[in-house]
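Each remark here refers to the structure printed beneath this line.
None of the figures in this text is laboratory data; all of them are computed from the coordinates on show. Note that the coordinates shown come from a computational prediction; the quantities given were computed from them, not determined experimentally.
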Amino acid sequence: MIDSNVEKESEFSQDKVVDMLLSSTSEKTLDSESMILETQKRVWGALKKGYQYSGIVDESDQYLRKNVFSKLDLVVLYVDLVGSTTMALEMPEEKIAIIISSFAQEMAAVIRQFEGYVLKFVGDAVIGYFDAQNNGLLASDNAVNCAKSMISVIQKGINPILNQYDYPDLMVKIGVDFGK
């Protein structure tokens with residue numbers, strides 16, 4: 001009985017190592033073209049039809065509560081909308097609210113696609129983090145690839161839809177940091 005439990009545990013550990021090395025995850029990762037098309041559908045729906053984004057269903061709160069008294073290695077990503085104050089002065093407030101909400105929700109979706117957690121929304125910025133406890137290099141790669149995808153989603157997904165309504169292009173600043 002003990003030998004079979006040890007064998008099962010050993011097989012499980014080997015599977016986890018293989019999954020980690022192959023960057024295999026249980027979540028389906030979208031290719032960038034699909035991600036951009038989905039973004040365009042949602043942003044177009046928000047601007048044209050008043051599409052409401054659903055609330056963030058994120059495991060961040062659960063993860064943080066579980067580790068509240070722990071020092072963790074994390075990669076933190078901060079994405080901030082550039083020029084939102086000027087946009088707010090030049091555009092109707094209901095449109096700027098839709099644009100900022102769409103931006104924040106789309107950035108949160110990209111964070112989740114790269115196995116990150118959304119910490120919070122701060123005005124026109126989104127703060128996310130990536131667990132680096134088991135593999136700091138993988139978490140760092142995920143954060144950098146997430147940042148690259150954010151730029152792509154904005155340039156190829158959000159901005160073309162905004163341009164159809166004669167709204168200005170969105171631009172962002174993104175910062176990434178690693179630490180405890």
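Here are some notes:
- With the gyration tensor restricted to C-alpha atoms of the range 71-180, the semi-axes of the equivalent ellipsoid amount to 28, 13, 10 Å, longest first.
- For the set LYS71/LYS148; LYS120/LYS180; LYS48/LYS156; LYS95/LYS156; LYS41/LYS66; LYS156/LYS180, the pairs lying more than 24 angstrom apart at their alpha carbons are LYS71/LYS148; LYS41/LYS66; LYS156/LYS180.
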